[in-house]
Amino acid sequence: MSVINPDQIDAQRLAGMRPDASRGDIDPALGDGSLVDDPALRPPLVLNGRDFHDVTEIVCGYTEKAPGWWWFHALGFAATVAGPAQNMIHYLIITGVGVWGLNNQVDWAWDITNFVFWIGIGHAGTLISAILCLLKQEWRTAVNRSAEAMTIFAVVCAGIFPGIHVGRVWFAWMLFPIPNYNWIWPNFRSPLLWDVFAVSTYATVSALFWYMGLIPDLATLRDRAHRRLQRGESQNMKLRLALPIPFPVLTMPFKGDTLRAYIYGFLALGWRFSGTHWFRYEKAYLILAGISTPLVLSVHSIVSFDFATSILPGWHTTIFPPYFVAGAVFGGFAMVLLLLIPLRELLPNMKDLLTLRHLELMAKILLVTGMMVGFAYGMEFFIAWYGANQFEWYAFIGNRANPETAPYWWAYYTMIFCNVVTPQLFWVKKFRQNPIIIWIVALFVTVGMWFERFVIIVTSLHRAFLPGEWHMFYPTWVDILTFVGSIGIFLTLFLLFVRFLPIFPIAELKAVMPGASPHDHEHHDDDHSDDQGDAPAKEGAH
Amino acid sequence: MARPIYQTESGARVFGILAQFENTLTLTNAAKAVRDAGFRKWDTHSPFPVHEMEHAMGIAGRAVRPLAYAIGLAALTGVVGGFLMQWWINYDYFIVVQGKPTDGAWEPFIPVTFEMGILLTAFAAIIGMLAFNGLPRHHHPLFNSERFLSTSDDAFFISVEAKDVKFDPETTRKLLEDAGATHIELVEE
């Protein structure tokens, strides 16, 4: 075999064996050098021969250096969009759920659609951090931190809707088994209460998992700030207006690094990168990954029980739990791609850490989960026919698929087009390796997954058993602004995360880089005696 | 016999000795040497978990067993407590819904039982990990060394505490030098 493992070049270079090893001449067929076809080869996870120090500099640089102008504009836009959501929630609380377009027949509509939409998006983060961790998929290290952050922010958005849809928000505490003087307790035999526990456990465990991963990286930021202070390299913090109008720059009486050293230092809990600590840390992390895996599968299963345990045609289906979980992963990965592809262009050097191969792998997951969702759509029709229940048959044909009788047929076909048709592009290698096409498909998928929940909830509800009760649902401006505002809340939180926390797991990324394992340094002599040693990297393509 | 108290030239007490290594291989080999020399109060420091370092340090199993028991206990508490909470609440405040059977029906309680087990396990994993590691901790003498700060970037170290019975400034330094340390310094308390 006359090919060379790109990993080996880096390992040799780090061991001082090949100081001249150039990564400049990469075969165009390899994209940025990460798209190696041969399954026997392990393509590099970090490009351009970056070493440990480079990774620290790149990732810490995102929080330590002033952000580009795009960040201020994006934050301003996101926060402006988020603002009305708070007004709408306030309006809803002081007026009542009648400000939404709900009616007697359609008593769940955009509120629960948005809830399921956001909680589904949250599933990609835990899937990447837990399931891919157990499967030893090392490429996850490039995306897991931002995906976990996205998970938490999506759960924040999801949590808003069930909280406010109860009508009397000041009684929402009754969702939890809190002892009270009325001696009443919640009903633990209701899937809605299971949902309360599932979602709150999920939010808590995701946040713990995320924070645990952050501890070493916060310590890195702490040490860097501390060292700059020691060396006298820090300057006083300056506040300047993020708008192109003349305004005096305010110089604060303290140094920015003092603030960093204190805040990151507090959050890093005194982590000192000890081998004994790492050992316990890794075991605890593995246990968290092990329990998060059934957790992530359980959460959307339980969300689906909200529907599946009812007798409403269109909801009363045993396929719901796996179908919801697949849809959640599908929608979540679409959102990860939607956020990371622009970020990859905007942040300097991010392409070295998040390679085309990462995007291709996520596109493949979109294809797989999209096919699962498509299979579930088909299976619903099969069971409706095979089950010979006329109400169920009507729920799927009369209420969804047949444009002659179904008022919401356009929502159904939007869903099918976005979720089943567009991911098929990823069968073609050129498409799934092209960030722009991946981004567009991810956008379609995100829209499609919102429509999926809308189709499940509204089209099933608007025509239940008695035709006399049939009623259409029309969203009000409050519905629309609340949903759009939740996107603003999500983006605001994500932009703040990009600015203030390490968006890559620095320690985990280093651990999968060449030179991290003691074995990378072991066989210097063997590599020289091999005839692979002098082959150029581009031969890896053939 | 009382342990000697080591001091630096400035009169400060010595916390221990800090040796830097070039890469994970020399670090692992040095860790094996320190382990085989019979030291107890020492540690390695690396920017990321090094593969199989627990064996090189001779702490595999021993360091995590109590943590594993603590996490297992928390999981059991969550499962049993979660189930009993629901069972008692269902008994105390009995709601008949859709005529479903209530006496002895345990099946509806499984989802919340499961979630409670997960919740307590997760808390035990992270809090237990920190507690057994002696964290959070406000300061540590090793942070007095400026060089040590680069362990969060790309440097590898071994620290041996002066409290270790085998510690001796000269012989320990020799041991670490022979193991391939590129830089050795004494760290003040």
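Key figures
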read-out	value
For A:Glu380, B:Glu146, order by how many other beta-carbon atoms lie within 10 Å, fewest first	B:Glu146, A:Glu380
Proximal lysines relative to B:Lys166, as straight alpha-carbon distance under 25 Å, when same-chain residues fewer than 8 apart are discounted	B:Lys32, B:Lys41, B:Lys174
Residue order, fewest to most surrounding Cβ atoms within 10 angstrom, among A:Val303, B:Val14	B:Val14, A:Val303
Spatial separation of Cα centroids for the range A:425-477 and the range B:59-97, in angstrom	39
Approximate spin-label separation A:Trp477-A:Ile436, in nm, with each point projected 7 Å along Cα-to-Cβ	3.8
Tally of Lys pairs whose C-alpha atoms are under 17 Å apart, taken over chain A, 8 or more apart or cross-chain	8
Distance-filtered residues of the range A:249-267 - backbone nitrogen under 19 Å, label point 7 angstrom along A:Lys65 Cα→Cβ	A:256-257
Residues whose placed amide H lies under 5 Å from that of B:Val50, excluding near-sequence neighbours	none
The range B:65-132: relative contact order in percent, alpha carbon pairs under 8 Å with at least 6 residues between	59
Mean separation of Cα contacts under 8 Å (6+ apart) over length of the range A:43-516, as relative contact order %	31
For the range A:57-79 and the range A:81-96, distance of Cα centres in Å	29
Simple label model, 7 Å out from Cα along Cβ direction - A:Phe500 to A:Phe266, nm	1.1
Distance between modelled label sites at B:Ala68 and A:Gln424, nm, 7 Å Cα→Cβ extension	5.0
Derived scalar couplings ³J(HN,Hα) [the range A:243-249; Karplus, 6.51 cos²θ - 1.76 cosθ + 1.60; whole Hz; x for Gly, Pro]	10, x, 10, x, 7, x, 7
Chain B: DSSP helices with Cα axial extent of at least 24 Å and average Kyte-Doolittle hydropathy no lower than 1.6	B:110-132
Long-range amide H partners of B:His183 with built H, under 5 Å	B:Gln20
Degrees separating the helix A:435-454 axis from the principal Cα axis of chain A, which is the longest one	30
Karplus-derived HN-Hα couplings along the range A:359-367 (A = 6.51, B = -1.76, C = 1.60, θ = phi - 60°), whole Hz, x at Gly and Pro	5, 5, 4, 5, 5, 5, 5, 4, 5
Amide H contacts of A:Lys255 (H built 1.01 Å from N, under 5 Å, at least 5 apart or other chain)	A:Met237
Efficiency of FRET between A:Tyr211 and B:Glu52 - r from beta-carbon atoms, R0 35 angstrom, step 0.05	0.85
Taking A:Thr317, A:Thr80 and counting other C-beta atoms within 10 Å, the order from fewest to most	A:Thr80, A:Thr317
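Values quoted throughout were computed directly from the atomic coordinates according to the rules given, and no laboratory measurement underlies them. What you are looking at is a predicted structure, and each value in this text was computed from that prediction instead of being measured. Using ideal geometry, Cβ is built from the backbone for each residue, glycine included, and neighbour counts are taken over all protein chains shown.
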